[in-house]
Each structure stands twice: as C-alpha cells, then as structure tokens.
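Data first, discussion second: the structure below is written as structure tokens.
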Amino acid sequence: MKFCAVKQYFDDENNNNITSGASTTMIPLPNVESHPLAILITYCKKHLKIKANNADNKKETEKEMEQYEQELLKKVMPQELTELILAANYLNFKEALDFFCRAVASAIQNKSIEFVRKFFGLESDFELGEEEKLREEFAWSFEGVDED
Amino acid sequence: MDVSFPLDKAKKQKFRKKQNANKSRKEIDNLPDPILQHILSYLSTKNAIQTSILSKRWKYLWTSIPKLDFDEGALDRRLMFMKFVERVLALHDPSNIKNFSLSCNVQYDTSHINSWICSVVKHKVQVLNLYLRNFQELLALSPCLFTCESLEVLTLHMFHSLKLPSSICFSSLKILTLGKVIFSDDHSTQQLFMGCPILENLSIVDCIWKNVKTVCISSPMLQRLFISDRYLFTEKYGENDDKDDLNADADDQNDFNGCQVVIFGTSLKSFSFDGELINDYCFYNSSSIVDVSIQVFERNEVDCYQDAHRVYKLLSGLSSVEKLTVSNGTLEVLNHAEELFAHVPVFYKLTRLSLESVESLFTCGAVQTILQNSPCLDFLDFQMVFCLPRYDKNYDWVLDKVPKCFVTRLKTIEISEFRGDEKEMHAVKIFLESASVLERIVIVCDDYHFKSRGGLKKQKEIYKQILLFPRGSMSCAVDFFLGFNQIQITALKFPNCS
C-alpha cells in the first residue's frame, strides 16, 4: 500500500524538508500525490546519502549528485515535472525545486517558440499583430534561434 | 482535489479524470507565477525574453529575472542590440537585478551605456561585468556607479582611459578586476583604491600605468592580489585587438620607468605576479602572507639589472611567505644582480618551494641562496618546463654547499613532467644522496614524451636505475608514476629491487 510505505519513510529518516517530522502521526498531504512524493523522497534520501559518503569532498558530492540527477531525468516525463515541481514547492524542498526547475529550463533552452509552446501545452492567445510587435521590439533576441 | 488514496495508479487516473473533467490538464503553464519566474531565472537572457511571445500570460513574466547578460558580438546588428538592451532595462520590474554583464562595442554610444549602468545601479546590482571595446569617443563612466552601495563584484575590462569622478565609495565591494585599463593620473587612481574599504580580491590585468608615478594600495581586508603586466609582452607577440584611434599611443612607454606601487598587505594571504616588471612593487606589513607566485619575463639588456633589484625588493617585502613559486624567467632576472644574493632575506616560514627546472638548483645562484635562507623547507617541487639546453653539456654538477634544510628538514621532493634525460637523472641522484631526512621522492613522468621514446619499457629501465642510486635517507620511498593521473609503477607486476 503506497501511502503506508510513504509513512514508513517519514519514520525512518531524519528528513529536514518535512516541517513537522513527527514519527508516529500521519501527515496529511492533500496537495501531493504519492507518485511525485515517492520520487521526491528517493531524491532526498539519495542526496543525504551522497552527502554522507563524501563528507569532506564537496566536488565529489556535486559530481555524484549530477550523475544521479541525469539518470533521474531520463525516467521523468515533462508532464510529471509539473507535479514534481508543485510537490517540491508545497513541501518546501528547495534543492528538489531548484533541480526540477533547472530541468525544465534546460529542456526549453534555445528551442523554437513552437517547441516551447508544445512543451508547455500553450496556445497563443494574442490578438492579431501583437506577437509581431513583440518580435520586433525584441528583434535582437529572435535572431539565430535553433529549430527543434 | 487530489487526495493520496492507496489505489493503484491506473485506477487513480481514471478516478481523477472523472472527478476533474472540467479541470485543465496538468501542464507546466498551470504553475503559479513565482515558480515560472524561478524557471526563467535559469534561462539565458535571450531565451528568457523570448518567452514573452508564448502567450498573454507570459508577456511580462520575464521582467523579474535577477540576471541580465548582454553580449553584442559583432557590429552587424548594432541598432537592434541597442534597442534590445534599452527595452529590457526599461521593462524590468522594480525587483533587484543582481547580476549584470555587458559586453559590447561603445562607438559613440557612451551616454546610452552610462544610462544602462545607472539603471542597474538603481536596481541594486551586486555583480557587474563590463567588457567595452571600439571607442569612438571618450567615456567617463557615470558617477552613480562609483557610489553604488550594493555592488560586491566589479569587473571592468576596457582598453581606454579610466576617467573617475571625485567621489568614490564602493562600500560593499569585495572583488575588483581591472583589465587593460589606462590609469589617468595619480590622484584619481589613488582615490579608486582608497574607495574600496572592504576589498578582499584585487586583480590588475595588463593595465597601462604610464600616467601614474606613485600609488598606494592599502585596503585593510585585502587577501588576494593578482597583478599581470603582460601588456608590452602581448604587443610584441600578439595583436592588441582593442587598439583604436583614441589609444593609438597608449603603448608608447619610452620615457616611462615604472610606477611606484606601494602595498600595505595587512591581511594579504596570496600574491601572484605574471609579466614584465615595468613597475616597482613594494610590500609593507605583509606578515600574514601565505602564498606567493612570481613569474617574470626578462625584458631587455638595459632593464634587466633594474628588474633584478625589483624582484629582490618583492621577495624582501614578502619574506614571511609559506609557499613560494618562482619561474625560470624570474631566476634568470635575479641572476643579473649577483651582488644582491647576500641581501636575500631569510624565509623563516617557507615550507614549500616550487621551481620549473631541476638544473636551476645547480646553475642558479639565486635558487641556492633562497634554499640556504629557508631553514624550514620541507617540500620541494619541480613543475618541469621544457627548456632548450642552455648550459654546456657537462652535467657533472655538484651541490658544493648542501643547503641546511636538505639535511634537517626536507621531507618531500616532487618532480612532474619527468623525461628521464641525463640532466634530470643526475639531479635525482644528487637529491637522493644529499637529502638526509627525505621521506618521499615523487616522480611523475611526462607520458607524452615517453610514447615515442621507448614507452613503458624505457620507464621501467629508468625506475630501476633510480632505485639503485645511493640514498642519504634510509627511509626514503620512491614513488614513480607513469604519467599524470596514472598508476604508480609499483602497481605493475614488477620484481622488487630495493
């Protein structure tokens, strides 16, 4: 049963991102689903583990963390990123929030506007000519954009 | 509302779809503004501003980004670039612009650039990087920059006269880097250094000092000082890309004998010099110094005697150093004034000396003097730099006077980029013989050199030879590495000969 398993995690680890941290009470998290929560907990545990392993060596910690993050990103879909970001934000888990926001940023870096719209699930709601005006105003930044 | 039920995922999704039929899909666009802005803060300035055309909601989301970075590149889209920077700064919301980097051609647009600087100062900028080139008119940077209370890091790189206002107070500035700047006069230059009360790091890179006679650097919290005077050097061997009509004669230093730069290094821990000693640097009160690196290039026949005196002066003011690195060039310069050897200070705290060639120990009087004057030296290392053989082929050197530290203190000798040639082997032999308390000699091969000259077989031969050299210290180990980041030779299956 997933929820009980999550509760188990609360009992076991000294989690510094959960504000209450009580060991036996159930912590209701109405805004977080169990799937992103599980990923976040794994992320947190991994982070603490890597930190403990490389207590003196900050560079090693960063390197290992980066490797783990790369692996994690391969398994996460863009839509899941939204849930993860919301969960990390609600739980006040800064490192995970920064990480997932960075992941979204690198996914859209230097991509065409059409790609970014698709990625975000957006449609342009500008009036006629408004987009053109913006493109002209910031013309220098619109030169030389990669296509997908 | 989403509640964590212990249902399996598929059931949960169906349940959710039924419940939230009217709710829009969980798209990233549904994240609240602050989170989207957080995402934008990780994008480059160009990309962040491009998001303004995604949809109405995104039109002004970018206006809170805390970092702005503008790099003009070539001159071909000048008007578009100027308009872009103008609009971005005008539309930015009142929140702080923490980092601002501008790399651009100046031409006749000094007033625009100054207005941009004022704008970011108003936005409480903390890190400001300015790389300015191609001036067609004189630039006097806006006075508001020099009284900016929020500024912590300033990099100013421009081959142009530094015209300064009368009032300079960088109350928060910790790191200052000046590149290729032409100091205008004594007074304003002095005001600049005095206007940085909590400065910790100062880098003066290839600047032009010819209009300054004397200046004093005495920031009480200055910990790291880096000076590079390679301007004339790059003139000789390279192109100065920043030269323009306004500075055509900046390198005309014919009557210039150098600026007197006095440094009170009360908190100074690290000093590094690289270039030609066109100025006369003098250190006072610098007993907290830990790390010094002096890489001097020999100038010409006329100046080398004076330069030698200048190097001695440097060493004298920094005699409390713990780790000293001197290049071959520095040693060559020192050798021009042998009569000063007797006046080399005692380096009471020197524990580590870093040199560039093993032969300097035998052929260079200055090195021998430094060693004689370093009673506590326990680590001697050689970052070998390849030199064409300058001395006669006779490698029968001896250490006539073995430095006292060799007999009492020297524990480690490290040689990198080792090629195993005759002179190096001879030097290793002498080290092993004379260093009576040596614990380790570490030899790291120049593996590239060995690739085409015998490879592993040759390296093994050399190792065997070294193991047979008589040792002054009974407990000395020989750590022989096949290359940088490579294994030690003893890690190979190898008959042990001690």
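No lab work stands behind these numbers, since they all come straight from the coordinates. Bear in mind that the values here come from a model prediction, so they are computed numbers and not experimental data. When we count neighbours, we look across all protein chains shown, and the Cβ atoms used for this are built from the backbone with ideal geometry, even at glycine.
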**Request:** Sort A:Lys63, B:Lys180 so that the residue with the fewest other Cβ atoms within 10 Å of its own Cβ comes first and the one with the most comes last.
**Result:** A:Lys63, B:Lys180
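For a Förster distance of 51 Å, can you work out the FRET efficiency between the beta-carbons of B:Asp421 and A:Asp125, rounded to the nearest 0.05? Before the final figure, lay out each step's value.
Values: r = 74 Å, r/R0 = 1.46.
E between B:Asp421 and A:Asp125, to the nearest 0.05, is 0.10.
Express in nm, to one decimal, how much length is gained between B:Phe386 and B:Glu301 on full extension, taking 0.36 nm for each residue of separation and deducting their alpha carbon distance.
Details: separation 85, 0.36 × 85 = 30.60 nm, distance 2.37 nm.
Extra length from B:Phe386 to B:Glu301 when fully extended: 28.2 nm.
How big is the dipole moment of region B:68-187 about its Cα centre under a simple scheme where the beta carbon of each Lys and Arg is +1, that of each Asp and Glu is -1, and everything else is neutral? Debye, nearest 20, please.
Values: 11 positive and 12 negative charges, 30 e Å.
That gives region B:68-187 a dipole magnitude of about 140 debye.
Got the relative contact order for region A:29-130 handy, in percent, Cα pairs under 8 Å and 6 or more residues apart? The partial results should precede the final answer.
Details: 43 pairs, mean separation 28.9, N = 102.
Reported as a whole number, the value is 28 percent.
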**Prompt:** Considering the dipole of chain B built from charges on the beta carbon (Lys and Arg +1, Asp and Glu -1) around the Cα centre, which of B:Val478, B:Phe406, B:Ser95 is farthest to its positive end?
**Reply:** B:Ser95
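Other chains' Cβ within 10 Å of A:119-130 residues: what's the mean?
Details: counts 3, 10, 7, 7, 3, 5, 4, 5, 1, 0, 0, 3.
Average neighbour count from other chains, rounded to a whole number: 4.
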**Prompt:** For B:Lys464 and B:His187, what is the calculated FRET efficiency with R₀ set at 51 Å and r taken between the beta-carbons, to the nearest 0.05?
**Reply:** 0.15
**Alpha-carbon centroid distance for the pair region B:412-463 / region B:130-178, whole angstrom** = 50 Å
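Given the pairs A:Lys111/B:Lys59; A:Lys59/B:Lys269; B:Lys174/B:Lys269; A:Lys49/A:Lys94, which are separated by over 21 angstrom at their Cα positions?
Numbers: A:Lys111/B:Lys59 18 Å; A:Lys59/B:Lys269 24 Å; B:Lys174/B:Lys269 15 Å; A:Lys49/A:Lys94 17 Å.
Beyond 21 Å: A:Lys59/B:Lys269.
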**Request:** Rank by packing, highest mean first: peptides B:329-342, A:42-55, with packing defined as the count of other Cβ atoms within 10 Å averaged across residues.
**Result:** B:329-342, A:42-55
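Are any of the pairs B:Lys423/B:Lys464; B:Lys429/B:Lys464; B:Lys349/B:Lys404; A:Lys133/B:Lys122; B:Lys423/B:Lys458 more than 19 Å apart by Cα-Cα distance, and if so, which? Walk me through the numbers on the way to the answer.
Working: B:Lys423/B:Lys464 17 Å; B:Lys429/B:Lys464 13 Å; B:Lys349/B:Lys404 15 Å; A:Lys133/B:Lys122 28 Å; B:Lys423/B:Lys458 16 Å.
From the list (B:Lys423/B:Lys464; B:Lys429/B:Lys464; B:Lys349/B:Lys404; A:Lys133/B:Lys122; B:Lys423/B:Lys458), the Cα-Cα distance tops 19 Å for A:Lys133/B:Lys122.
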**Message:** Using each residue's phi in region A:84-92, evaluate 6.51 cos²θ - 1.76 cosθ + 1.60 at θ = phi - 60° and report the 3J(HN,Hα) Karplus result to the nearest Hz, with x for Gly and Pro.
**Reply:** 5, 5, 4, 5, 4, 5, 5, 7, 6
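Using the Cα centre of region B:438-482 as the reference point, and only Cβ charges (+1 on K/R, -1 on D/E), how large is the resulting charge dipole? Debye, rounded to the nearest 20. Numbers along the way, then the final one.
On the way: 8 positive and 5 negative charges, 47 e Å.
That gives region B:438-482 a dipole magnitude of about 220 debye.
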